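Each remark here refers to the structure printed beneath this line.
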Amino acid sequence: MAPAPLGAPDFDEAEAFVWQVDPDRLQPVNKISRVALSLLLGIDRSRDTLLANTAQFARGLPANNALLWGARGMGKSSLVKAICAEVRDQGHDLKLVELQREDLGSVARLLNLLRASDKRFVLFCDDLSFSHDDQHYKSLKAVLDGGIEGRPDNVLFYATSNRRHLMPRDMIENERSSAINPSEAVEEKVSLSDRFGLWLGFHPCSQDEYLAMIRGYCDEHGVEIDDETLRAEAIEWQATRGARSGRVAWQYFVDLAGRRGVQL
């Protein structure tokens, strides 16, 4: 039997891996930090679209790379992890591989490792964005377009970002205003988002959705609290944070569970 490529693990060892460099290796993740898909509220359309896309890929059917963009704390990365778990529960041996933005320069080596496997992988990059002098976006094209070899058929790429175009709006405008050819100055970077077949937008939640998230966490973990008290405390918590999101809902719930002596 031919030796495994450098850095390639036994992919049956875990359902998720983190890509490490120096030296190259895929580190198995023994316990994934995630929440159940049923607890991710207020994002039904994005949930259904991403679930269908991922299930198609897991069955060997055509599927699109996806960019999950929008409001902070609304469950973008949580949704990716929950979707992969849901598809695995449907009987598909899908693997999740996390890639840090700082390691995008090594993505060609990672793709070669994954290409050699008979498994199917969702390659995941959380909080993806680029600054003015950042050249990592060129490496991203290897994932989205695949270069001369093409993207491996067994790899799908999902990324989350607070920005739809992966770079700040003021940076886009500054480059346009100072360039000899304004239209070409930012086209290469801005067009990166166009290379994602799916754009899934995430927007701030309503107060009712925020309260429903907390109630869902309480029911899931057995934390007892009446609706009136929960509403008053949760709204006060949101006011002190100056924001309302799934992340803020979870942070309030963690505080509540601690005060009620409930282990999570």
Checklist entry - How long is the gain from ILE235 to LEU198 if the chain were fully straight, where each residue apart is worth 0.36 nm and the alpha carbon distance is subtracted? => result 9.9 nm
Checklist outcome for this item: For ILE214, the net charge from surrounding residues (Cβ-Cβ under 15 Å; K, R +1; D, E -1) works out to -4
Checklist entry - Hey, rough spin-label estimate for ALA212 and VAL29, points 7 angstrom out along Cα→Cβ, what's it come to in nanometres? => result 2.7 nm
Checklist entry - Once label points are set 7 Å from the Cα along Cα→Cβ at both ALA116 and GLU224, what is their separation, rounded to one decimal in nm? => result 5.7 nm
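Every number here is computed from the coordinates shown, using simple stated rules; none is lab data. These numbers were taken from a predicted model, which means no experiment stands behind them. Positions of Cβ are generated from backbone atoms using ideal geometry, with glycine treated the same way; all protein chains shown enter the neighbour counts.
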